[in-house]
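The structure appears right after this line, and notes come after that.
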Amino acid sequence: MKIEKLHIYGFGKHENVQIDLKSGMNVFYGENEAGKSTIQQFILHILFGFPQKNAQLLRYEPKSGAAYGGKVQLIDEKMGRVVIERVKGKASGDVTLYFEDGTRGGEKELDSLLHSYNRVDFEAIFSFSLLQLQGFDKMTEEELTRTLLSSGTTGMDTLSNVEAQFVKEMGELFKPSGKKPIINQKIEELREMEEEWKSHLAEVDKYEPSTKRLNEVEILLEQTNLQEKKVMSEIHRFMQWKQLKPIKEKQINILAALEKIQHQSFPSDGIRRFESIKDKEMNVKAATEQLSENLEKLSNSNALLTIDQLNSLQTFLANETEWHQLKAKKVQIEEEQTKTLQNQMQQLALVGIDWEKNLNDIVRADISIHQEEKLVTLLKKREQLESELLQENRLYQLKSEDLRLHQGRLKEIKHTKSSSSGKIPVVFSSIIFLLGLILIFLQSNWLIGLTFLIVSVLVYVGFSFVLKTSHQSNDIRTYESLLAKELQALATQIGQLENTIHALELEQKEVERDIQSFLRNYHLNNQVSPNLLKELFSRLRMIQEQQIQLDQMDINLHEVRKKMQGFLKQGKNMVNIPLIEDMLFHQLREYFLSEKKKVDENESIHQKIKEITLKQKENISLLQAYAQNIQELFQEAKVESESDFYAAFQFFEKRLSLEKELHQIQIQLGNKEMALDDFDEAFESESKEQLHAIQKSRNELVEEKASLQYQTSKLLVEDQQSEILQKIEQKKAELHEYVKKWVAFKTVVEAIKQMMVQLKEERLPEVLEKAQVYFRMLTRAAYEQLVLTPEGIFEAIKASGQRFKIDELSQATKEQAYISLRIALAQSLKNKAPFPIIMDDPFVHFDRFRLQQVVQLMQELQKEEQLLYFSCHDNMQYVWEDAHIVQVATY
């Protein structure tokens, strides 16, 4: 199992962090407080779950409110690439496993992936730190041996600590020759009380019947206790039988399985030999196929052109200059055609003609001088009518204004008469003058303004003259009559102007209809600018000329393409290769040179064909030899096919595995003889019922004994006898409780010793064998062996044969022994639990030479193991070769 990537959502000080890891050594470097231990704890938390809130371990929940948890991506030999995601949820977090095939899993699949290891077991075997190496110099020989023994068996000394604690408790309760332990004191006190009790009983001979029965009860109690011990012994034997029964059944099943496949034979090192032959066979087959391909290519290349064909091709290549000229002419015509077409479309757009719909109509349209003069005549007539209509409208406005002014004067004369006779000339003159100024401003015509100015002066002079020559009342009436005649004349003139304007408008509309009709004949819309109408025919003539040019260009382009197609067709007839028009002569020239070269190399090709043919024959002979070797392996394994051969190997491997497993079972069973039918399932309940009946009988006897003792004590005169008897029973009860406690401690200690003996026999030899190799490397061959003596003491043996007990070694050498055993234990379990090894700066206090040896050992391990090393010391970044450095401070 190797960890490939860490993705921290939120854990301690780290948020949204992704770290890629590699096989071999991975060094996590950072100063203190950089977050190295946080990353180490993140790995353990994701794999084994978040600790309880009341646990001693920190939970590392982020303070900033980020999502708690993250992902660990790893690759396993059996399950492939797996992503383990654990986020905040229940107490240990919600865990989800994502597999390569898209399926998902939970706690059950994670337990299978971790091989049922919990965090304590993992840290005890696959993780160690500087703290575990400190304190070796203060340990006794027994403590050092226990620590090293646990490092080579379970990885932790918890059982050893429990055993030592219980032995201490037992020593405080009882020692065979002790006086201070509690049970020893209670036995001595009880003995003294019983002697005192016997001295008093000697004085009470007259109470012999009660004492006789009391003695009988004592005997019965002893017999009952013997029966109880016998039943308990049988129950103990049954519990051992029940515990060993599954192992015995497994032994029987393995023996039955071995019976089925015991005759399976297989060649020595058969799979490696078979696969080696298959690899060679595949290589020879691949080489043979390559030779066949080369032979085919050479054979194909042998199909040469004749000399006449080469000469014809060379003659044809002389047309290359003409070909390129045709290509250039084609490009030139296409460019001119494009330019002319764009210009034509631009001219059509200017006059408002749809290029796609009306181009053909425009090309065929009549653009003669007569039609152009007709359009010019209509346009001139429209301009003339517009001008006349403008003049008439202006005159109509002037006459209408005069009419209004005269009507105003007439009205004023009727109301003012003689009182305003002196003011009349001035008023009328002023009105006429102001009217002139307004018309000058509105019409921008100084001629009209000047006319009104002259009229105002004449009116003033006339009125003044009339007023001066006659002041009689009949003068006003005469003026009034004159104004009335002028009003009538103005009304008549305005009516004539209205008729004239109406006639001009009708004529203008008629001319406009003629113009629009003319434009529709040429497919022009009504939105054509009047300025463009004057140039219409010149533009139409230009469009028709451009179309003639385009038609001629099409003819020229067709002729050029026809000639080029002729060249292309002639070239295809001469060669049997696909030709591209743009690269025609380039391809033909290359083909010509290639064929000419083939003719020159023809003799060399024939020689190569002979060599390849000879090599093919040699390869065929090799393949036949390989096939013969494979058949020999099949005959030795007694199979006929490759699949049967692999199946036979699996049966052979299974037999070896069963034999190894049987050996382990025999070690567990030891010399204990047992049969599956020694006990039946009902024995336990029957034995417990029997034990219960015996205990009930014993209790009844104890009660009877107490009653007899009480009756006997009542017969005594002295009260002291009863008091002594009560104290004796009280002391016995106290002694019984302490004995039960001592027996419980003894049972646990014996179970631990039995387990440690079993571990020594099964696991320790393999671990010690590896540890010796590592210990020799770490000490630079100063020590050859690390052994466990029959007395259970670790000793280091030098090359000279000199032995040193473990407590006689230096602090650093003790640490080297511990590291050797820890790494050896992890290596011995890699097939069952292939976890990476995590180290928290355990080598920082080593000197330069010892550190060099540790580095050498780690470099050997990193070839097969993934190592995670956490350090705050800068030099540890550079002692490893090819290590993947993770700068923790950058995250």
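Before moving on, here are some points about what is shown:
- Under Karplus coefficients 6.51, -1.76 and 1.60, residue-wise ³J(HN,Hα) of the stretch 684-690 in Hz, glycine/proline x: 4, 5, 5, 5, 5, 5, 4
- Protein heavy-atom surface of the stretch 757-863, 1.4 angstrom probe: 45% of the accessible area is carbon and sulfur, with nucleic acids and ligands not counted.
- Ordering 98, 68, 79 by Cα displacement along the dipole of the stretch 55-114 toward the positive end leaves 68 in first place; charges were set at the Cβ atoms of Lys, Arg (+1) and Asp, Glu (-1).
- Karplus 3J(HN,Hα) series, Hz, for the stretch 186-195 with 6.51 cos²θ - 1.76 cosθ + 1.60 (x for Gly, Pro): 5, 4, 5, 4, 5, 4, 4, 5, 5, 5
- Note, ³J(HN,Hα) from phi for the stretch 214-231, Karplus 6.51, -1.76, 1.60, rounded to Hz, x at Gly and Pro: 5, 5, 4, 4, 4, 5, 4, 5, 4, 4, 4, 5, 5, 4, 4, 5, 5, 5
- The label point for residue 94 and the one for residue 328, both projected 7 Å from the Cα toward the Cβ, are 7.8 nm apart.
- Accessible surface area normalised per residue over the stretch 826-878 is 43 Å², counting heavy atoms of protein chains with a 1.4 Å rolling probe.
- Close amide-amide hydrogen proximity is noted between residue 785 and 797, each under 5 Å apart and 5 or more residues distant or on a separate chain (H modeled in the peptide plane; Pro and chain starts excluded).
- Inter-centroid distance (Cα atoms) of the stretch 606-640 relative to the stretch 46-98, Å: 57 Å
- Per-pair calculated FRET efficiency, R0 = 25 Å: residue 517 and residue 554 via Cβ, rounded to 0.05: 0.10
- Taking the 1.4 Å solvent-accessible surface of the stretch 552-594 as the whole, the part contributed by carbon and sulfur is 52%.
- All other residues whose Cβ lies under 9 angstrom from that of residue 80 are scored, Lys and Arg at +1 and Asp and Glu at -1, for a net of -2.
- In this view, the solvent-accessible surface of residue 589, computed with a 1.4 Å probe and all protein chains in place, comes to about 100 Å².
- Carbon + sulfur, % of accessible area of the stretch 30-70 - ligands and nucleic acids excluded, 1.4 Å: 46 percent
- Comparing 827, 870, 859 along the charge dipole axis of the stretch 764-871, the residue lying farthest to the positive side is 859, per the Cβ-charge model.
The values are calculated or read from the model by the stated rules, or taken from the named source; none is laboratory data. This one's a predicted model, so the numbers in the text were calculated from it and none came from an experiment. Cβ atoms come from the backbone with ideal geometry, glycine included; neighbour counts cover every protein chain shown. Protein only, heavy atoms only, side chains kept; ligands, DNA and RNA dropped before computing areas. Shrake-Rupley method; radii C 1.70, N 1.55, O 1.52, S 1.80 Å.
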